[in-house]
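Structure first, then comments.
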There are 2 protein chains.
Amino acid sequence: MEGLELVRELQKLEPRLSEEVVDDQLAFAGRIFSAHLLTVRDAAGELAAREVVYHHGGCGVAAVRDGRLCLVRQYRVALGRMTLEIPAGKLDPGEDPATCAARELAEETGLVADRLELIANSAGAPGFNNEKTRVFVARGLHEGAAHPDADEYVDVVWLPVADVVAAIRAGLIEDAKTIVAAFAVAGGLL
Amino acid sequence: MEGLELVRELQKLEPRLSEEVVDDQLAFAGRIFSAHLLTVRDAAGELAAREVVYHHGGCGVAAVRDGRLCLVRQYRVALGRMTLEIPAGKLDPGEDPATCAARELAEETGLVADRLELIANSAGAPGFNNEKTRVFVARGLHEGAAHPDADEYVDVVWLPVADVVAAIRAGLIEDAKTIVAAFAVAGGLL
């Protein structure tokens, strides 16, 4: 067995390695995420505590023109700093990720894509968090009518992909979906 | 201004886009993370609620031999499934990320690297979470003495980098640090 078939096989549930949830206490119920205290029976049969965060996930879009990647410059209070990130947003429960990505691209940049192609589903920290960002690349970009959200305070900048990669390697750009997008574009993986 | 200098300038605090924290309520204090309900004054001067998760972050290591990437096969209760991820672990508060990465590589695989080189600091979901994974590539790999943690139930597999990239593009491998590592290796960005 090899390739995708092997990857699928390796990710099938393996009781020898698995954990069973035997108790689930809601520790915090927010609008954006919830925190749960789980009790699991681990692979050795022992009870253990697990803290997990549940979130609906999000989407992001790599928009590239003339060798430049579209980035949104914004303040992130969780990090306490300004960041540069590809256009992105939260998924509403049950929302189609490509629909979400097209909406966020239009809201933040005014751009419209003929087609969005999946680069990756990026689970930021699966050790404690189910958050997953669907990262797309935009094909057939053209200008639509810009309509930023009233409560969104962002600037849009277009930086050379090579400079974005250098900034990532230097630890200056840290957003996971932006790293995934820039590496895929710069590495010719799309 | 261009290159890294421009990236630094763009990420300097910009009052026009920033938010000021005016209240911080601890909503959940766990061993692994804490959840906070912040009240911020946003860029328009309005009060707004922000839910954030604080976590000490982690580290991960890309170990490559003969065109194959070292992956750990494990169960992730936050996702409710088995995953394939590069060797990784949580940072202790104040711990040097490269020290953490070397320890986790040895614990999970028995491998020792002459040198660890930073690929990226990957912030998984900066919209609500400060978790950051420092992703390294191992240089000069050799066998040490394997000493897996007593409570760690994992298998180690070595998959062709091209297969890992194909599985990522198909949405089968989703871990952010693993995507960052595989794309950097496959794209010749290191």
* **Residue count for the stretch B:77-89, restricted to those that are assigned to a strand (DSSP E or B) and either assigned by TED's automatic domain parsing to the domain that holds B:ASP23 or in contact (Cβ under 8 Å) with a residue 40 or more places away in the chain (or both)** => 4
* Just wondering, is there one or more residues in the stretch A:69-76 that are outside any strand (DSSP E or B) and either within 8 Å of chain B (Cβ to nearest Cβ) or closer than 29 Å to A:GLY188 by Cα (or both)? -> no
* Filter pass, A:ARG16 being out of contact with any His (no Cβ under 8 Å at 6 or more places or on another chain) and in a helix (DSSP H, G or I) -> yes
* Asked: Listed residues B:LEU47, B:LEU37; which is more than 7 Å from chain A (Cβ to nearest Cβ) and over 27 Å from the mean Cα position of the chain (by Cα)?
  -> B:LEU47
* To do: Evaluate the stretch B:147-161: report whether one residue or more is buried (at least 16 other Cβ atoms within 10 Å of the Cβ), over 22 Å from A:ILE119 (Cβ atoms), more than 9 Å from chain A (Cβ to nearest Cβ) and more than 16 Å from the chain's Cα centre (by Cα).
  => yes
* Structure fact -> Within the stretch B:104-136, the residues that are small (Gly, Ala, Ser) and within 14 Å of chain A (Cβ to nearest Cβ) are B:ALA120, B:SER122, B:ALA123, B:GLY124, B:ALA125, B:GLY127
* To do: Scan (1) under 24 Å from A:ASP175 (Cβ atoms); (2) surrounded by fewer than 13 Cβ atoms within 10 Å (Cβ to Cβ); (3) touching a residue at least 60 places away in the same chain (Cβ under 8 Å) for the single condition B:ARG65 breaks and write down its number.
  => (1)
* Asked: Considering only the stretch A:169-188, how many residues are more than 17 Å from A:LEU116 (Cα to Cα) and among the aliphatic types (A, V, I, L, M)?
  -> 6
* Asked: Looking at (1) farther than 21 Å from B:GLU143 by Cβ; (2) in the same structural domain as B:ALA167 (by TED's automatic domain parsing); (3) in a strand (DSSP E or B), can you tell me which one B:ASP92 breaks?
  -> (3)
* Is it the case that some residue within the stretch A:159-179 is of a type in the set (Ser, Thr, Tyr) and modelled with pLDDT of 95 or more? -> yes
* Kindly indicate whether B:PHE183 is assigned to a helix (DSSP H, G or I) and within 15 Å of the chain's Cα centre (by Cα). => yes
* Asked: Which residues, counting only those in the stretch A:1-23, are surrounded by fewer than 13 Cβ atoms within 10 Å (Cβ to Cβ), over 30 Å from B:ARG169 (Cβ atoms) and either under 27 Å from the mean Cα position of the chain (by Cα) or among the β-branched types (Val, Ile, Thr) (or both)?
  -> A:VAL22
* If a residue has to be in a strand (DSSP E or B) and either of a type in the set (Asp, Glu) or at pLDDT below 95 (or both) to count, how many in the stretch B:19-53 make the cut? -> 4
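The values are calculated or read from the model by the stated rules, or taken from the named source; none is laboratory data. Fair warning: this is a prediction, and the values are worked out from it, not measured in the lab. Cβ sites come from the backbone with ideal geometry, for glycine too, and all protein chains shown count toward neighbours.
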